[in-house]
Each structure stands twice: as structure tokens, then as C-alpha cells.
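Visitor: This is the structure I have questions about; it appears just below.
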Amino acid sequence: MSLQLINIAKRFQKDWVFRNVSYTFQIPGAYVIKGANGSGKSTLLKLISSFLTSTEGTQKLELKGESIEIEKWPEHITYAAPYFELINEMYLTEFLVFYTKFKPLQNGISIENFIEITYLEDSSEKLIKNFSSGMKQRLRLALAWLSESSIILLDEPTSNLDEKGIEWYKDLANTYSKNKLVIVCSNNIEDEYFFCKNTLHIEDLKH
């Protein structure tokens, strides 16, 4: 099983973010993509997720011997990033009921379990707009780790987390990264990618 990028390129107006990026991610596997702010890490992750469309190149995803059409990639991918908006006008439990209609949680994890794992029991009937930035980030990360998906994409996952939150994130990584493809984009914060066996530098991928 693998996710393959073949001569991927992305341009915004007249400016190329990168060109001719080719790489094969093996599934399962854990990878970190390092690079400075503005180097194109987030753009590359959005292309891998199919959230953005590449200007040039081809992307291929094979799971259990089956080639997955790119339109169906979101069914197999979860993505957490501090810039991803949640539905702020929903209560937490209401939001999770809505979310799981489209992407179920892993077997054995109920909505109640999910709320306990995220330490949000006291906020189950609170509007998400009233959550702190750290609570929102824990919610995003838990949705990525605990949903039923083969691929987890994480962009600067420890953003907005305090020391306790970072330890919580590391526990999730140790528990739920097995048998999946996990790709982390990081500004060289080791707590974010301590479990990743493969290191990529965005500048080495760009041509």
C-alpha cells in the first residue's frame, strides 16, 4: 500500500511554490516533513490530502491492492491543522454526532469515549466557539487520530497545546499511529514527530 506523488507542482497566480516533487510514502509508515515557515510544507500537505489540486503532476493512492480515485481520498484521510475551522455554532456532542455521520470513529470508540479521551467531559454541552485554542486543537487532533482512516496528516500539531496537551498528543501518537500512514509537517519541534522514522526536508523535494 502506498501514496505516490509524481512530478507534483503548485502555482498560485504566477508564483511557483514548488515543482517536480516526486515521492512514495509507504503505508504503514510515519514521516516528518521539515522546513521553515513559508517553504511550502502546508501546501504540500493540502495537495496530499486532495484539499488542493496540483497545477502539474499525478497523485496515486493504493490501499489493499485497490487504486483509489482522488475524489474518494477524503474517505481514507484525516487532517489536523490549527488553521482548520471547526463548526463553532455547534455544541461538542452535537458536532460529533454530525461528524461521525460522514466519517466514523474507529471500532470500539464511542462519542462518549472520544470526549473522555480528549478530556472534554466538562465541555460536552458547550458551544465550540467558547472553547480555548488548546481545547480546539485537542479536538482537531483527536478527530484525526481516532477517526476510521488509513492516512493521518498533521500540520504543526502541537500548536496551541500546553505541556500537558503535548504529553496527551504524544500518548495518542504512540497508541494510534500503528498500521497507518502518518505525515507530520513541523518547524523542527521534536515533540511533534518523535515517532516518525522517516525525515524529509521540503527543500530537498523541491526542484
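The values are calculated or read from the model by the stated rules, or taken from the named source; none is laboratory data. All of these numbers come straight from a predicted model, not from anything done at the bench. So basically every Cβ, Gly included, is an ideal-geometry build from the backbone, and we count neighbours across all protein chains shown.
Visitor: Pairs, please: C-beta under 6 Å, at least 6 apart or cross-chain, first residue under 11 Å from TYR91 (Cβ atoms) and among the polar types (S, T, N, Q) and in the stretch 120-135, second part of a helix (DSSP H, G or I) and modelled with pLDDT of 95 or more?
Guide: Cβ pairs passing all conditions: SER123/LEU92; SER124/LEU92; SER124/THR93; SER124/ILE115.
Visitor: Name the single residue that is farthest from ILE77 (Cα to Cα) among those in the stretch 15-39 being among the aliphatic types (A, V, I, L, M) and touching a helix residue (DSSP H, G or I) at 6+ places or on another chain (Cβ under 7 Å).
Guide: Across the stretch 15-39, the extreme among qualifying residues is VAL17.
Visitor: Let me ask another. Taking the criterion of being modelled with pLDDT of 95 or more, touching a His at 6+ places or on another chain (Cβ under 9 Å) and not in a loop (DSSP other than H, G, I, E, B), would at least one residue in the stretch 150-173 satisfy it?
Guide: Within the stretch 150-173 (the criterion being modelled with pLDDT of 95 or more, touching a His at 6+ places or on another chain (Cβ under 9 Å) and not in a loop (DSSP other than H, G, I, E, B)), the answer is yes, since at least one residue qualifies.
Visitor: Name every residue in the stretch 24-43 that is surrounded by 15 or more Cβ atoms within 10 Å (Cβ to Cβ) and modelled with pLDDT under 95, in order of residue number.
Guide: LYS34, GLY35, SER39, GLY40, LYS41, SER42, THR43
Visitor: Kindly state which strands (runs of 3 or more DSSP E) lie completely within the stretch 1-80 and contain at least 3 residues that are out of contact with any strand residue (DSSP E or B) (no Cβ under 6 Å at 6 or more places or on another chain) and either in contact (Cβ under 8 Å) with a residue 60 or more places away in the chain or more than 23 Å from LYS197 (Cβ to Cβ) (or both).
Guide: Passing ranges, in order: 15-26.
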